[in-house]
1. Which count do you get for residues in the stretch 181-200 that are within 21 Å of Y40 (Cα to Cα) and touching a Lys or Arg at 6+ places or on another chain (Cβ under 8 Å)?
2. Taking into account only those residues within the stretch 10-53 that are in contact with a helix residue (DSSP H, G or I) (Cβ under 9 Å, 6 or more places away or on another chain) and part of a loop (DSSP other than H, G, I, E, B), which is nearest to S72 (Cα to Cα)?
3. Given the criteria over 30 Å from Y171 (Cα atoms), in a helix (DSSP H, G or I) and either touching a residue at least 60 places away in the same chain (Cβ under 8 Å) or of a type in the set (A, V, I, L, M, F, W, C) (or both), does F94 qualify?
4. Checking the conditions here, which among S231, S252, S160, S208 is touching a Gly at 6+ places or on another chain (Cβ under 8 Å) and among the hydroxyl-bearing types (S, T, Y)?
5. Can you go through D99, D48, D90 and tell me which one is touching a strand residue (DSSP E or B) at 6+ places or on another chain (Cβ under 8 Å) and surrounded by fewer than 17 Cβ atoms within 10 Å (Cβ to Cβ)?
6. Which condition number in (1) modelled with pLDDT of 95 or more; (2) closer than 17 Å to Q37 by Cα; (3) charged (D, E, K, R) is the one that D117 fails?
7. Tell me the residue from L89, L71 that is out of contact with any Gly (no Cβ under 9 Å at 6 or more places or on another chain), at pLDDT 95 or above and not in a loop (DSSP other than H, G, I, E, B), please.
8. Determine whether K191 is under 18 Å from L153 (Cα atoms), surrounded by 18 or more Cβ atoms within 10 Å (Cβ to Cβ) and of a type in the set (D, E, K, R).
Amino acid sequence: MVDDTCNILVIEPLSVPQDNKEAFIATLQYTLETAIQAVYKLEPDELDSERLGEGKYLLFWEASEGGAGVLSQLLQQPNAFQRIAHAALDICHFLEPKDTCVQACYECLLSYRNQFDHPLINRHLIKPLLEELQGSAVEISGVFRDEQYQKLLSQTDPNSNFERVVLQEIYQRGYKLPDAAQELIPEANCKPDFVYKEEAIALFCDGSVHDNPEQKKQDKIERDNLRYNASYQILTLRHDEDWREKLEILGSL
């Protein structure tokens, strides 16, 4: 018996035209799958999907071992579906028309993997929805955000109250929460206090222990490794400075 875990996302389309319903859902499935792969630079075998409940739901899951955490990121980024919709309009030849593509082609939505659905796929059916999604925003329920906040609190260094003060400030301002706390970045052999993975931002909360000269030297080595070996942006907050002002950069995530 083999156990595996992966991120999943279930979507329930609400505005589904009753005529061509099956074709609409099938087209939406492959359009979203292809656009997510494009936006987040995933290989075709890293993301998969299927229709559930007679087409009432669309199930997406990260098929590669471990996953890239993309589907969870979709729920944490207010403009995620705006980006996906824009990519989908481009993929479906609506931004740069292709006269030889009638309903769909192998340059947009058709593939060997979805060949049994080729008769259903029609890019024109989902154009109005994609245009509407360009003005959409993801709203995260309080429960989901609270769970993430509590999870991050449990991951912080028990000896660093400053980390928890910073995390509380991020939470109370309504900023995007970090993806993880105290997680090892192998390329740099370093554990930032908090990490934003997609944005490649490492956040360090330096309490008084980091005033020690030897600790400062070690901090510089680790953070240079993060910057140059793992291409992370470093955001350092010191306990003895106006660190709250520095946090404003997170408001744009």
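1. Qualifying residue count, the stretch 181-200: 2.
2. Y40
3. no
4. On inspection, the qualifying residue turns out to be S160.
5. Only one candidate qualifies: D48.
6. (2)
7. Selected residue: L89, the only one of L89, L71 that is out of contact with any Gly (no Cβ under 9 Å at 6 or more places or on another chain), at pLDDT 95 or above and not in a loop (DSSP other than H, G, I, E, B).
8. Against the criterion (under 18 Å from L153 (Cα atoms), surrounded by 18 or more Cβ atoms within 10 Å (Cβ to Cβ) and of a type in the set (D, E, K, R)), K191 does not qualify.
The values are calculated or read from the model by the stated rules, or taken from the named source; none is laboratory data. Remember, it's a predicted structure, so these values are computed and weren't measured experimentally. With ideal geometry, Cβ positions are generated from the backbone for all residues, glycine too; neighbour counts draw on all protein chains shown.
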